[in-house]
1. Report, by residue number, each residue of the range 734-754 that is surrounded by 13 or more Cβ atoms within 10 Å (Cβ to Cβ) and over 14 Å from PRO645 (Cα atoms).
2. Picking from THR853, THR829, THR816, THR840, which residue would you name as being farther than 13 Å from ALA776 by Cβ and among the β-branched types (Val, Ile, Thr)?
3. Check whether at least one residue in the range 244-255 is charged (D, E, K, R) and touching a helix residue (DSSP H, G or I) at 6+ places or on another chain (Cβ under 9 Å), and report yes or no.
4. Being part of a loop (DSSP other than H, G, I, E, B) and farther than 20 Å from PHE82 by Cβ is the filter; apply it to the range 42-60 and report the residue that is least open to solvent (accessible area, probe 1.4 Å).
5. What are the residues in the range 480-520 that are within 15 Å of VAL337 (Cα to Cα) and not charged (D, E, K, R), if any?
6. Can you spot a residue in the range 802-812 that is of a type in the set (S, T, N, Q) and either open to solvent by 10 Å² or more (accessible area, probe 1.4 Å) or not in a strand (DSSP E or B) (or both)?
7. I need a count of the residues in the range 737-762 that are under 44 Å from the mean Cα position of the chain (by Cα) and not hydrophobic (A, V, I, L, M, F, W, C).
8. Give the range 553-574 a look and list any residue that's in contact (Cβ under 8 Å) with a residue 40 or more places away in the chain, part of a strand (DSSP E or B) and not hydrophobic (A, V, I, L, M, F, W, C), or say none.
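The values are calculated or read from the model by the stated rules, or taken from the named source; none is laboratory data. Note that this is a predicted model, so its numbers are computed, not measured. Cβ: placed from backbone, ideal geometry, glycine included. Neighbour counts: every protein chain shown. What goes into the accessible areas is simple: the full protein's heavy atoms, side chains included, and nothing from ligands, DNA or RNA. Shrake-Rupley method; radii C 1.70, N 1.55, O 1.52, S 1.80 Å.
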Amino acid sequence: QVTGLETQPRELAPRATGAEQRLSALCRGGSASGSSKMAEGEPDYYALIGVERNATLQEIRAKFRAKVMTEHPDKGGDPKNFQMLNKAYNVLTDSEKRSRYDSTGRTERSAEEEFAASFGGGRMHGQQRSKDADAEAVVNLDQRVPKPGSKGEHEDGFQEWLRQRDQSEMVMTDKDFMKTALFNAAEMATKVNHQGPVQHVLGSPKTDAYGQQMSGPVQVQAKPRPIKKTIDHDEVLVRMLAVPLDDSMVYAELGKSGVCLGLTGVGRIEQKGSRIEDYEQEETVLVLPQPTKFSSQRPIGTARTLLICHEEDLIRVPGEVLDELTPEQICLAPTIVCAYILLENFGAKLKPGDSVLLNAAHMSACGSALLQLCRLLKLKPLCILDLPGAPKNRVKGEYGSKGAWQEADSKAVAPPSVRQHYERISEWLVTMGAEEVFPDSVALLKWRDRNQRLLPKLALDGIATRDSTEQLIHCLKGDDKDSQCVVYGNGVMQPVEISPPLLSAWGGTLCGFSLNRWVHQMSNNSKKLMSVMENITKLVRSNKFTLDTVLYKVGEDAISDAFTRAADASDSSQVVLIFPTLQEELQNTGGGGGGGDYGRESKQTVAPTRQQEAAKPPEDEERDKLKTEWLNLLFTSQSVAAQSPEDPLPVMQEDGNMRSPNTLVIWLGDDTDAHLMKELLRRCGATASLLVLSWLQHPASEGMADINLSGPEVLDGSWYLRDRSSFENEDLDQLHDMELLGRSLVGAVDTQLKKVHLSWRNVVFCGFGKGAGLMAYAVLTRLIPEQVSGAILLNPIIPFPGFIAEKAPTRHLTPTKMFTVFGGRDRSTPANYRQLLQQTMRKFPEISYTLETSPDNDHSMKEQCIDVLASLIPLVMPR
C-alpha cells in the first residue's frame, strides 16, 4: 500500500519509538485546521498543550503546567517532546506570534513580511483583507430590493432603486433644458450693436522655406476683422481695455495661421445675453478662461477690441482696485497673484533671511512682483541674469561636485553691448530688492564656494527652457525634502530636459504651477485672487509696490515692435496692449460695413488727411525746430535764464547757529509756518543754521503758482508724463521759470554760505510741494556748482520728470543722498508719477535715492511732517 509520498511497503518502514508515537498521537489529536498547519511544516501547538483554539491565556498556562509535570525529562519524559511543548507554550502566550500562527500557520515572518514591516515605519505592513470579506462587501441590487411578499416591499424597493441610480442622470441643467427644444435658442439671441469690424491681433506659426513650423516667437499682425452679429443667451460681449503681452502670446503653439492671440485681459461689459444675471453693462471684469477650454495652442483671443465669451470665463474687479489702479495695471493681476501664490504655497517653510533663487526676475511683471514681495517678506532673492549674446557657462556633471562647475570656461568675455545691458539690468534688480545678481549658475556656485553661503531651498523657473531647470537644481540645497524647484512660466514652449541621475542625487521636489488652473480649481480661489489684488493695491498706494508698463495701442503702433520688445530678455518692462474705442473703430472703417477692409467713403476721407499731413506748413516745421533748440539750451550756460538771471530768492527767516555752524539747512516750501520752522531748527541740533526762503514772492513764480494741483491732468498723472514731443508753449515757459527760480535759489544759498563760511557740501535741502520740486530741479540739472550733502523732499511736485532724465549725462561725480516722502492720501502725486520719478532717479547713479510714504498724510504741511524730517535729517547731515 502506498499513501501520500510513501513508496516503500509499510512493513518495511522502521518502527517508531514510544516518544515518537506519543508525539504523533498528540499531533493527530488536533482538528482539521490543525492538520492543515502540519502540512505546512508547523505542528498543532494547541493539540500539544491540549487546549481548544479559542482558549484563554489562563487556560493555556494551566494546561501547560499539568503537561510539564508529566512530560519533563526528570519525570521520565522525552526531551524532544518536552522541547516541542515549550515552543508551543512560547508561541501561544505571545499575542503577536499567536495571531500570526492562527492566520498563516507559521510562527516566523517571511521575507515579504519582513520588508513590509520595515518599509515606511511599518505603514505598509498590514493584514490583507480576505476574499470572504471582499465577497461580503459586494452588494447587488437584487439583494437590497425586498423580495415579493415581504413587509414594505414596494416602498423600500423604490427607495433603494432611487439610491442606486446614477446621480448625474437625475439632475437637469439649463443646457439639458435647451436640448429638449422647448424653445428656440435663436429667439433668445441678442443683436450686437457694433456691426463693423474691430482690431484683432493675429498670430501665425513661424515656418521655414519648406513650410515646416519652427520654434521661436510667432509672426504677428494687427488687422480689422468682423465679429458675430449676435450673442447667445449665455454669452457676454466684452470691450477689451488692456491685454498683457506675455510668453503665452509671444511663443504660442499655433496649429494654423490667423489665430487671435491672448489668454487674459481686462475689459468692460458692452452687452450681455438674455440669461446673464450676475453681471451688468459697463462693469469691469478680468478675463481668465478655464485651462481645460483654452490654452496657448487654442487661445480665447483676448487681443481684440470686442470679445465674446461666457460668464464662467470672467471675474469681477472690485471697486477698491478700480479706484487705485488703471486697466493697464489691473490686467497684470494674474501675473502678480501668481508671484504671491508661489511664495505663499511653495515658500511656506521659508523664514526671513532665507534665499530664493530666480532666473526670470528681469523678464516679466511676475519676476518684478517676486522681487518686491521677497523684499517685503525679508527674503533674499538670488537672481540669474542670462542675457542673449553672453557666454554660456553651464554646470555639467554630478550634482554637488566641484568638478561640475570648476571646469567651465569663465574667461570668455561678453560683447560691450551685452555688458552694458547686464550692468543696467543688474542695477535695476538690486534696486527692486535682489541681494546678488549672477550671469549664470556657474558664477553663483563660485560665489557660494568663495563666501561659504548656504544654497537656497526654493528655485522659481520662469524661463522654462531646455536646460534652465537643470541649472537651477545644481544651485539648490541637496538631501533636503523641503528643497523645491517650481516651473511657473510658459517659457519658449520647449520641453524641459533633466537627467534622472541629477534628480535622484538632488533629492528635492520638482513641480509646476499654473495660475489659471489654480483659480478654477476651487471657487474660493477666484475670490482670493481679487483679495490679493486689494492688498497689492494698498502697497501701490503707499509706494511699496511698483508696476512698470509700456503701452502699445493696437491699430496705431507697430504691433511687431511690441512683440519684439516683449521677447527681448534685456528689457525689463512689461508690454501691455491697449485697444481703440468703438468710436475710433467706426471712424477707421468709414462708419460701418461688415468687412475687414475700409469702405469707399473711408478711403475718400483718409486721402485728403494724408495730403494735408504731407503738405505740412513751413511755419510748423520752423516752430518744431525752434522748440528743439530751446529745450536743448535750457539749464545750460547759454540759456536765456543764465544770460539774464533774476534776483536771489527772498529770505524769510534766518535762525540757529550763525557763528560757527557745521550744517546749513535750507527750507523752501509753498507756505511757511514760523512755529514749524522753530521746531525744525530745534530738531536739527545746536550746530545747524536754518535759512527759510520763499519762491512765491519771486517775479518768476507766476507760472508755478498757476499749477492747479486739483486739476484732472494732475490727478491722473498725464501732466507729469508729458515729454519733449508733447510740450506746448506754456510748458516751455514753465521750464524757463523753473530754471530762473533754480538759479535764484542758488544765488540766495551762495550768499548765505559766504556769510557763515561753509561750502555746498555742508548744505541740506528740505522742501515741500512745489518748492521741493524746485530744489529737485536745481540738484538734478546741475545748477548747483557742487553737490549738496543731502535733500529731503516732502510731497514734491516735479514737473516733467522725463525731461530731467535727458539731463542725466551732465551730472555731478560727488555722491549725495535724497529722500522723497509722499503722503498716502495725497491725490496730487499719483502712482504713475511716483513710478516715473523712480525710473528717472535710476539715471543718476551718484544719488542714493529713497522713496518713502507717510500713510496718513495728504498734501499739507503738518507737525507730522516735522517728525518725518527729524527722523531723516541725521541721515543726510555732513560727516
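1. GLN734, LEU735, VAL749, ASP750, GLN752, LEU753
2. The conditions single out THR853.
3. yes
4. Checked the range 42-60; the qualifying residue least open to solvent (accessible area, probe 1.4 Å) is ALA55.
5. TYR488, GLY489, PHE513, SER514, LEU515, ASN516, TRP518, VAL519, HIS520
6. Checked against the condition, which is being of a type in the set (S, T, N, Q) and either open to solvent by 10 Å² or more (accessible area, probe 1.4 Å) or not in a strand (DSSP E or B) (or both), the range 802-812 yields at least one hit.
7. 3
8. GLN574
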